[in-house]
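Trainee: The structure under discussion is supplied below as structure tokens; questions concerning it will follow.
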Amino acid sequence: MDWLQQLFNGISLGSIYALIALGYTMVYGIIKLINFAHGDVFMLGAFVGFFAITRWEMGFIPALITAMIVCAIIGVIIERVAYKRLRNATRIAALTTAIGVSFLIEYTMIFFRGATPEAYPKNVLPEKTIEILGAKLDYKIIFILIVTVILMVLLQFIVHKTKIGKAMRAVSYDADAAKLMGINVDNTISATFAIGSALAGAAGVIFGAYYTRIDPLMGVLPGLKAFIAAVLGGIGSIPGAMVGGFILGIVETIVSAVGYSLWRDAAAFIILILILLLKPAGLFGKNIREKV
Amino acid sequence: MKKSKAFWVYLALALVIYAVVQVMTANEMIDLYYQNMLITICINIMLAVSLHIVIGITGQFSIGHAGFMAVGAYVSAICTMKLGLPFIVGIIMAGVVAAIAGLLVGVPSLRLKGDYLAIATLGFAEIIRITFLNIDYVGGAAGMVVNHMTTWTYAFLGVLITILVISNFTNSRHGRSCLAIREDEIAADAMGINTTYYKVVAFVIGSLFAGVAGALYAHNFYIIQPTAFNFLKSFEILIYVVLGGLGSLSGSVIAAIFLTTVSQYLQAFPETRMIIYSVVLILVMLYRPTGLMGTKELKDVFRLKKRGGSEA
């Protein structure tokens, strides 16, 4: 058993989870909605990237950017059409709608192109390996990690240094007060969805390039697991989502490396339940008191 | 006095429905396709009503109901197929074990609220499913072969008992406590209601009947597989309850009957079915978030109509 090798695999899986988890955590932080459709935006991103690479013969980076732009637009449409009316609805109504949107995207996709999987071409990323301490380190992993880190740094910059980022933080802290201060809450929420969905789209292309196989239902499990990662890190917290994603990716890889690959999915849910019971606010979350 | 009169009327009505179908089946006026459809409708009614007590009455959002159904299905299948016990013992065991599973899941997770509870129940259901997937004794992913034993009589009795128990529970002191928790948990707590206790009780009753429904489901098809109890199944049960009206027993029964019938006819087009399901669900949530019946029962609707008629 090569532990270093498994660690590399875990990191690349974790970076995909982290990118999806960022969208969950941002959206939950701002409108307190578990956007179940987020995993399906990830799936759409993977398909947009696939078409960009195979039909329009783009390279990896242009395909990544195309997928991010398309997913951002889709994210905003979903928010405007389905979620906007539900801002003051009950939790059950909001959550049910989100599940409905998720199924709608999945099955519309299957309806139009069938459930058959597609395979990303193999030469999207360089197929070279270098050896570090006896472990084979794929160039792909380095590449994925660099892209992920750039996106995360960019996100931190947007959230902490720009005007829209400031508006996002204000709205997630107190939407009513933000409105009184002259912040356009609707646009800020849309911007949050756009950024979150763009990250999910990027994760989709990265997933496709790394694991090659994509299909219309591929977003369900990574979506749920990314949500687990967001809860693990503390929902609403951006560094939490990143750390949660990496932890989950590494734990899953270790569980399957030890020989319990069928229990891999259960491991994620067990982590979820443990964290909910022991530390519901997550690793980086703040404790919020219930007000009457 | 009046209440018991209504009770006997409903019971008589139910027995008439049962007798009519039974006679028609005996005379072969209903073929196997429709018999199967009736049994499926009964199973779905049981699932809907058992989730209704958790979501509609107690207001706890559980999206892992298929997990308890899976427990019931597998336990009953083990009883009848591996241990050679009679079907009725299998059904009872299914209910008991599912109730225990409900207790084990409910005690820790019902401390959570809202979205977190939903995700936790989903997680537990997935863990249950993956556990069955990994037990070779019940066939793993390939599934387990089960004899066809569910008859219209079993299915009908199941529905009757489920509705009787749950509607009586709702109208009892315990049921009113649960309603209070749904309306405002903090206020209910302040009024001296043991909120955790009642939440767990409602959850256990819900799991019990989901387990019984699972037992009937297992013996209605010839094979059970872990994939039959995935998130999609939980979602289907959720649709019955949410669409019918959160807090309306008759609403969830009507939604279960209606949607099962529709989906039987759309069986050849599974994608179209899911698209229609989700679009309907989104539209109902956007324009009528309380569901079609709201918290009203069927008898309230009729009573309102009658009163309106006499005044006019």
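Please treat every number below as a calculation from the coordinates, not as lab data. Keep in mind that what you see is a predicted model, and the values were worked out from it rather than measured. Note that each Cβ is placed from the backbone with ideal geometry, even for glycine, and that neighbours are counted across all protein chains shown.
Trainee: How big is the Rg/Rh ratio for chain B, C-alpha atoms only, Rh by Kirkwood, two decimals?
Mentor: 0.97
Trainee: Between A:His160 and A:Leu274, how many nm apart are label points set 7 Å from Cα along the C-beta direction?
Mentor: Going by the 7 Å Cα→Cβ label model, 3.0 nm.
Trainee: Where Rh is the Kirkwood radius over the Cα pairs of the range A:150-257, the temperature 10 °C and the viscosity 1.306 mPa s, what D in µm²/s does Stokes-Einstein return? Write out the running numbers ahead of the final one.
Mentor: Values: Rh = 15.5 Å.
Reported coefficient: 102 µm²/s.
Trainee: Can I ask one more? Calculated from DSSP H runs of 4 or more alone, at -39500 (n - 2.57) each and per residue, what is the 222 nm mean residue ellipticity of chain B, nearest 500?
Mentor: Rounded to the nearest 500, the figure is -24500 deg cm²/dmol.
Trainee: Still on this structure, please answer the following. At a Förster distance of 35 Å, what's the computed FRET efficiency of B:Leu283 paired with B:Phe221, Cβ-Cβ distance as r, to 0.05?
Mentor: Working: r = 32 Å, r/R0 = 0.91.
Result of the calculation: an efficiency of 0.65.
Trainee: How large is the direction-averaged shadow of the alpha-carbon convex hull of the range B:190-312, in nm²?
Mentor: 11.8
Trainee: Before rounding to the nearest 500, sum -39500 (n - 2.57) across all DSSP H runs of length at least 4 in chain A and divide by the residue total; then give [θ] at 222 nm in deg cm²/dmol.
Mentor: -24000 deg cm²/dmol
Trainee: Here's a follow-up. What trypsin sites (Lys or Arg not before Pro) does the range A:47-112 have in DSSP loop regions with at most 10 other beta carbons within 10 Å? Write out the running numbers ahead of the final one.
Mentor: Values: sites: A:Arg55, A:Arg80, A:Lys84, A:Arg85, A:Arg87, A:Arg91; in loops: A:Arg55, A:Arg87.
Answer by residue number: A:Arg55.
Trainee: State, in angstrom, two size descriptors of the range A:1-79 derived from its alpha carbons: Rg to one decimal place and Dmax to the nearest whole number.
Mentor: Values for the range A:1-79 (Cα only, Rg and Dmax): 15.1, 47 Å.
Trainee: Please state, rounded to one decimal and in Å, the Kirkwood hydrodynamic radius that the range B:1-136 gives when every pair of distinct Cα atoms enters the mean of 1/r.
Mentor: 17.6
Trainee: Okay, moving on. If each residue's Cβ is checked for other Cβ atoms within 10 Å, how do B:Ser278, B:Ser207 rank with the fewest at the top? Please report the intermediate quantities before stating the final value.
Mentor: Working: B:Ser278 23, B:Ser207 34.
Lowest count first: B:Ser278, B:Ser207.
Trainee: If a helix is a whole DSSP H run, which ones in chain B reach 24 Å or further along their own axis (Cα) and hold a mean Kyte-Doolittle hydropathy of at least 0.5?
Mentor: Qualifying helices, which must be both long enough and hydrophobic enough, are B:2-26, B:32-52, B:87-109, B:114-133, B:152-171, B:195-218, B:249-265, B:270-287.
Trainee: Still on this structure: List the chymotrypsin sites (Phe, Trp or Tyr not before Pro) within the range B:141-226 that fall in a DSSP loop (any state other than H, G, I, E or B) and whose Cβ has at most 13 other Cβ atoms within 10 Å.
Mentor: Those that pass, being in a loop and sparsely packed, are B:Tyr222.
Trainee: So, in chain B, how many Lys pairs have Cα atoms under 16 Å apart, if the pair is 8 or more places apart or on different chains?
Mentor: 6
Trainee: Give the order of A:Arg113, B:Arg111 when sorted by the count of other beta carbons within 10 angstrom, beginning with the fewest.
Mentor: Fewest to most other Cβ atoms nearby, the residues stand as A:Arg113, B:Arg111.
Trainee: Need one number: convex hull volume per residue for chain A, Cα atoms only, in Å³.
Mentor: On the way: hull volume 40.3 nm³, N = 292.
Enclosed volume per residue, from the Cα hull, is 138 Å³.
Trainee: Work from the charge dipole of chain A (Cβ charges, +1 for Lys and Arg, -1 for Asp and Glu, about the Cα centre) and give the residue of A:Ala167, A:Ile65, A:Ala177 farthest towards its positive end.
Mentor: Highest projection toward the positive end goes to A:Ala177.
Trainee: When the Kirkwood hydrodynamic radius is evaluated over all pairs of different C-alpha atoms of the protein assembly as shown, what value in angstrom, to one decimal, is obtained? Please list the in-between numbers first.
Mentor: Details: mean 1/r = 0.0392 Å⁻¹.
Averaging 1/r across every pair of different Cα atoms and inverting gives 25.5 Å.
Trainee: Turning to a different aspect of this structure: Please compute the modelled spin-label separation between B:Arg111 and B:Leu32, points set 7 Å along Cα→Cβ, answer in nm with one decimal.
Mentor: 5.2
Trainee: Right, next: Just subtract the alpha-carbon distance of A:Asn187 and A:Phe51 from 0.36 nm times their residue separation and send over the number in nm, one decimal. Don't jump to the answer; show the numbers that get you there.
Mentor: Working: separation 136, 0.36 × 136 = 48.96 nm, distance 3.01 nm.
Working it through step by step, the gained length comes to 46.0 nm.
Trainee: Longest span of chain A, sites excluded, free of chymotrypsin sites (Phe, Trp or Tyr not before Pro) in DSSP loop with at most 15 other C-beta atoms within 10 Å?
Mentor: A:57-259
Trainee: Beyond 20 Å, what share of the Cα-Cα pairs of the range B:117-199 is found? Please give it as a whole percent. Show your work: numbers first, answer last.
Mentor: Values: 2187 of 3403 pairs.
The calculated P(r) of the range B:117-199 puts 64 percent of pairs beyond 20 Å.
Trainee: May I ask which residue of B:Ser50, B:Ile127, B:Gly72 lies farthest towards the positive end of the charge dipole of the range B:1-146, with charges of +1 (Lys, Arg) and -1 (Asp, Glu) on Cβ and the Cα centre as origin?
Mentor: About the Cα centre, the residue reaching furthest to the positive side is B:Ser50.
Trainee: Evaluate the distance, in nm, between pseudo-label points positioned 7 Å from the Cα of A:Ile146 and of B:Ser172 along their respective Cα→Cβ axes.
Mentor: In this crude spin-label approximation the distance works out to 6.8 nm.
Trainee: Using a 10 Å cut-off around each Cβ, can you sort B:Glu236, B:Glu183, A:Glu131 from fewest to most neighbouring Cβ atoms?
Mentor: By the 10 Å Cβ count, ascending, the order reads A:Glu131, B:Glu183, B:Glu236.
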